[in-house]
Amino acid sequence: TEHVIALTGLSANTIYYYSVGTSSTTLASGTSYFFKTAPSGAQPTRIWILGDSGTATASQNAVRDAYYSFTGTRHTDLWLMLGDNAYASGTDAEYQSAVFNIYQTMLRKSVLWPTLGNHDGLSADSATQTGPYYDNFTLPKNAEAGGVASGTEAYYSFNYGNIHFVCLDSYETSRSATGAMANWLRNDLASNTKDWLVAFWHHPPYSKGSHDSDSSSSQMAEMRKNALPLLEQGGVDLVRAGHS
């Protein structure tokens, strides 16, 4: 069962500790159960970005442990998942083994912002926002975290300090230059006043790796032709993708 609890009246740049349970039983609590709200302005920010991570293998554990070793006691302010978050089909059981079981420590304290990959999309539907991906994540379709409301959890934006993040759906949502996602992106970028602009989605606009963006995938070519010009006009600083 997925639960969603909305919190209001929180102060910026503040650590809040929490416990989870019922009126009679505490299920989870302690000093590792906390979150830190976003700052109102610029400050050094630690972002962890993972692409195609959801293999539930020793390799996934090794990548996780290498990052934990690197960041040490430095708090991870937020993290992004670039799609294919749970192989092979993004089922609920695969999300349990490849996300919740692997990243227990990080999930307790740092907010995860995902995008949909083609493997996640095999068991999810962006048009209706149904399936395990949409059940397991609650994303700001109504601009609850800044930006312009997209009206869908398939693509969205949010602010953290002086950074504006844009998450696009390169798998199931129309990638047309005149489609709903592109029109929303134009409005969102026009309204952005933050210093930094970071965009992320699954299918890379440029790749000669396991997927060739010139020939093998309409998703990659269409994101390059239709999304990148809008982001470049908006002053994008960084684009992150996975897939290849």
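Condition check ((1) under 15 Å from the mean Cα position of the chain (by Cα); (2) among the acidic types (Asp, Glu); (3) at negative phi) across all residues:
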{"site": "Val148", "(1), (2), (3)": "no, no, yes"}
{"site": "Asp169", "(1), (2), (3)": "yes, yes, yes"}
{"site": "Ser176", "(1), (2), (3)": "no, no, yes"}
{"site": "Leu189", "(1), (2), (3)": "no, no, yes"}
{"site": "His203", "(1), (2), (3)": "yes, no, yes"}
{"site": "Lys208", "(1), (2), (3)": "no, no, yes"}
Exercise. If you check every pair at least six apart or on different chains, which have Cβ atoms under 9 Å apart with a residue in the stretch 176-194 that is more than 15 Å from Gly147 (Cα to Cα) first and a residue that is crowded, with 17+ Cβ neighbours inside 10 Å and β-branched (Val, Ile, Thr) second?
Worked result: Gly179/Thr173; Ala180/Thr152; Ala180/Thr173
Problem set entry | In the stretch 10-40, the residues that are modelled with pLDDT under 95 and closer than 21 Å to Pro140 by Cα | Ser40
Problem set entry | Breaking point among (1) crowded, with 20+ Cβ neighbours inside 10 Å; (2) under 24 Å from Gln43 (Cα atoms), for Val148 | (1)
Problem set entry | Selection count, the stretch 201-213, where residues are touching a Phe, Trp or Tyr at 6+ places or on another chain (Cβ under 9 Å) and modelled with pLDDT under 95 | 1
Problem set entry | Among the residues listed as Ser97, Ser59, Ser89, the single one being open to solvent by 20 Å² or more (accessible area, probe 1.4 Å), touching a Leu at 6+ places or on another chain (Cβ under 6 Å) and over 22 Å from Ala199 (Cα atoms) | Ser89
Seminar exercise, completed: Residue hits (the stretch 107-144; over 16 Å from Gly90 (Cα atoms), open to solvent by less than 60 Å² (accessible area, probe 1.4 Å), part of a loop (DSSP other than H, G, I, E, B) and touching a residue at least 24 places away in the same chain (Cβ under 8 Å)) are Lys109, Ser110, Leu139
Seminar exercise, completed: All conditions in (1) assigned to a loop (DSSP other than H, G, I, E, B); (2) over 18 Å from Thr138 (Cα atoms); (3) not polar (S, T, N, Q) are true of Gly151 except (2)
For this session: Scan the stretch 1-15 for residues that are open to solvent by 60 Å² or more (accessible area, probe 1.4 Å) and of a type outside the set (Gly, Ala, Ser) and jot them down.
Result: Thr1, Glu2, His3, Val4, Ile5, Leu7, Thr8, Leu10, Asn13, Ile15
Exercise. Is there any pair with a first residue in the stretch 16-36 that is surrounded by fewer than 10 Cβ atoms within 10 Å (Cβ to Cβ) and a second that is part of a strand (DSSP E or B) and not aromatic (Phe, Trp, Tyr) whose Cβ atoms are under 6 Å apart and which are 6 or more apart or on different chains, and what are they?
Worked result: Leu27/Val20; Leu27/Gly21
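The values are calculated or read from the model by the stated rules, or taken from the named source; none is laboratory data. Please read these numbers as outputs of a predicted model, since none were measured by experiment. With ideal geometry, Cβ positions are generated from the backbone for all residues, glycine too; neighbour counts draw on all protein chains shown. What goes into the accessible areas is simple: the full protein's heavy atoms, side chains included, and nothing from ligands, DNA or RNA. Shrake-Rupley method; radii C 1.70, N 1.55, O 1.52, S 1.80 Å.
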